[in-house]
Every structure is written in structure tokens, then in C-alpha cells.
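What follows is calculated from the coordinates using simple rules that are stated; it is not laboratory data. Note that the structure is a prediction, hence the values are computed from the model and not measured. Using ideal geometry, Cβ is built from the backbone for each residue, glycine included, and neighbour counts are taken over all protein chains shown.
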Amino acid sequence: MRLTDPLYALYARRLRRQLRAAPLPRHIGLIMDGNRRWARKKGLPDTRLGHRYGAEHAEHVLTWCESLGIDHVTVFLCSTENLQNRRSDEIDFLMRVVEDLVTDRLGRPDSRWQLHIAGSLDLLPDTTARALKDAVETTAACATGAHVTLAIGYGGRQEIVDAFRDLLYDNACNGKTLAEVADALTVDDLAAHLYTADQPDPDLVIRTSGEQRLSNFLLWQTAYSELYFCEAYWPAFREIDFLRALRNFANRHRRYGA
């Protein structure tokens with residue numbers, strides 16, 4: 001079904017009507033998987049181009065979120081494992097894509113999304129880290145109430161280690177002993193030191209490409225998230241796929257671990 005197909009438009013309107021009175025997630029996590037496989041399937045001469053198409057598509061998905069009042073989105077762009085295990089030429093290409101994304105699109109002064117970063121900028125090339133920092137500063141005054149977090153150079157386990165380390169340092173500076181910290185430690189204490197501190201946990205995580213795993217994404221924050229796995233590769237992820245994920249979420253009974 002093509003995006004211009006009248007049946008597609010009719011079906012999309014039907015899905016939107018079904019969601020009008022439905023409970024929607026406030027925060028969505030997106031694992032954008034399948035960029036290279038999509039490029040290979042399309043016969044593109046360089047599979048790295050899938051990353052560029054994928055980055056451009058992320059902006060479309062943010063528009064869908066905005067139209068439904070979903071004001072927190074976290075996008076998994078690049079993991080610490082990607083940085084360690086992918087070929088250097090692919091990582092260099094991906095970093096240029098990220099720089100273009102935040103400089104020309106998400107990090108503009110007129111952006112409708114306030115940009116945040118989750119991950120270690122020290123692992124990234126200087127030009128990429130600088131572009132991300134500049135985009136965060138440029139969008140800091142965004143008053144729409146919409147927040148997009150880019151998880152880049154990110155690993156869920158490392159985030160928890162970093163949070164715990166920061167918590168220990170803060171308490172040590174305040175003169176507390178390790179025993180005192182251990183006795184008083186709460187979930188909220190550690191959460192306050194995460195990369196995503198002060199943001200709500202994701203209600204829904206969507207992963208494309210048919211893979212059914214979290215891949216070290218927001219391990220702490222997704223403890224009670226609903227998970228949805230879609231067969232489409234990320235650049236081919238359509239609005240009706242997105243709306244179906246939301247309909248599936250709305251029909252679930254959330255238990256929060258109970």
C-alpha cells in the first residue's frame with residue numbers, strides 16, 4: 001500500500017478516530033532498527049545511506065507524536081556497542097548524519113522540541129559532541145513542552161554505573177559514609193542521577209525490523225514499559241504502523257510489575 005493510496009489515507013483516519021478517546025503514552029522510546037537492511041533491500045549502492053534515510057524519517061515520526069500530544073520521545077541513535085563493534089567508516093558516516101540532523105533539523109532555534117542527550121559525549125568525535133551540545137543549548141528555551149532525547153554513545157548498564165558513581169560522589173562531598181549511603185539509598189535517589197533525570201519513564205517502547213530485544217536501551221527506565229515490536233524496517237515505518245502500535249498500547253492493561 002503506497003502512502004498516496006486513498007485506502008491508506010482512509011485507514012489512517014480510521015485509526016486516528018479509534019485513538020481519540022484512548023489512553024496514549026506520554027513518553028515513547030524508539031529503537032530505530034533496520035536502516036542498513038532497508039538500504040540493502042532497496043538496492044542502494046551503499047548500505048550506510050540507510051542511516052541518512054533513517055535520521056530523516058525520525059523527524060516525520062516526531063511530527064506524528066506532536067499531532068497526538070505525545071510530548072516525550074527518546075530515540076536510540078547509537079549504542080556504545082555500535083561504537084565499539086561497527087566499522088570505523090560506518091561510524092564516521094553515522095556521526096556526520098547525526099551532526100546534520102541536529103544542526104539542520106532538530107537543533108534549529110525554531111525547533112518545536114527541546115533537545116536532550118542521553119549517553120557519553122566523550123565517546124563521540126569532537127565535532128559530533130559539539131554539534132549536540134550546541135543543539136541542546138539552542139533549544140533550551142523551547143516553550144512547547146515537547147522533549148526529544150537522543151540516546152547516542154549510550155548503554156543502559158553504563159548509565160546505571162554512572163548514576164551510582166555520581167550518587168556516591170555527591171554523598172561523599174556531603175560527608176556521608178558508605179554505610180550511611182547504603183542504609184538510606186532509595187530508587188528515587190539513583191533515578192535522580194540518570195541521564196534522563198526529571199523526565200518521565202517511557203510508557204511504550206517501539207522497536208522496528210522484527211527484532212525482539214531491548215539491546216541495552218533504557219534498562220532502568222523501561223522496567224514497567226510496554227513493548228511493541230514491528231516488522232517494518234525503520235525507514236519504512238509508516239504512520240499506520242505507528243498508529244497500530246498506539247492502538248495496541250491502548251488495549252493493554254498495564255500492571256506495573258504487579
Taking the range 87-102 and the residues there that are within 16 Å of the chain's Cα centre (by Cα) and more than 20 Å from Arg37 (Cα to Cα), the one that is surrounded by the fewest Cβ atoms within 10 Å (Cβ to Cβ) would be Leu101
Would you confirm, using the coordinates I've provided, whether Arg108 is under 22 Å from Met32 (Cα atoms), part of a loop (DSSP other than H, G, I, E, B) and out of contact with any Gly (no Cβ under 6 Å at 6 or more places or on another chain)? no
When restricted to Ala151, Ala141, Ala146, Ala163, the only residue surrounded by fewer than 15 Cβ atoms within 10 Å (Cβ to Cβ) and small (Gly, Ala, Ser) is Ala141
Being surrounded by fewer than 16 Cβ atoms within 10 Å (Cβ to Cβ), of a type in the set (D, E, K, R), out of contact with any Pro (no Cβ under 9 Å at 6 or more places or on another chain) and touching a residue at least 60 places away in the same chain (Cβ under 8 Å) narrows Glu239, Glu180, Glu211, Glu231 down to just Glu211
Of Gly34, Gly43, the only residue that is farther than 26 Å from Arg254 by Cα and buried (at least 17 other Cβ atoms within 10 Å of the Cβ) is Gly34
Cβ pairs under 9 Å, 6+ apart or interchain, first in the range 192-208 and small (Gly, Ala, Ser), second in a loop (DSSP other than H, G, I, E, B) and surrounded by fewer than 24 Cβ atoms within 10 Å (Cβ to Cβ), ordered by first then second residue, are Ala192/Asp198
Counted residues in the range 184-231 being touching a helix residue (DSSP H, G or I) at 6+ places or on another chain (Cβ under 7 Å) and within 12 Å of Ile31 (Cα to Cα) come to 9
Listed by first then second residue, the pairs whose first member lies in the range 87-107 and is farther than 12 Å from Pro125 by Cα and without any contact (Cβ under 8 Å) to a residue 40 or more places away in the chain, whose partner is assigned to a helix (DSSP H, G or I) and not polar (S, T, N, Q), with beta carbons under 6 Å and at least 6 positions apart or on separate chains, are Thr103/Ala131; Gly107/Ala135
In the range 145-170, anything in contact (Cβ under 8 Å) with a residue 24 or more places away in the chain, farther than 16 Å from Gln221 by Cα and either of a type in the set (S, T, N, Q) or part of a helix (DSSP H, G or I) (or both) is listed as Asp166, Leu167
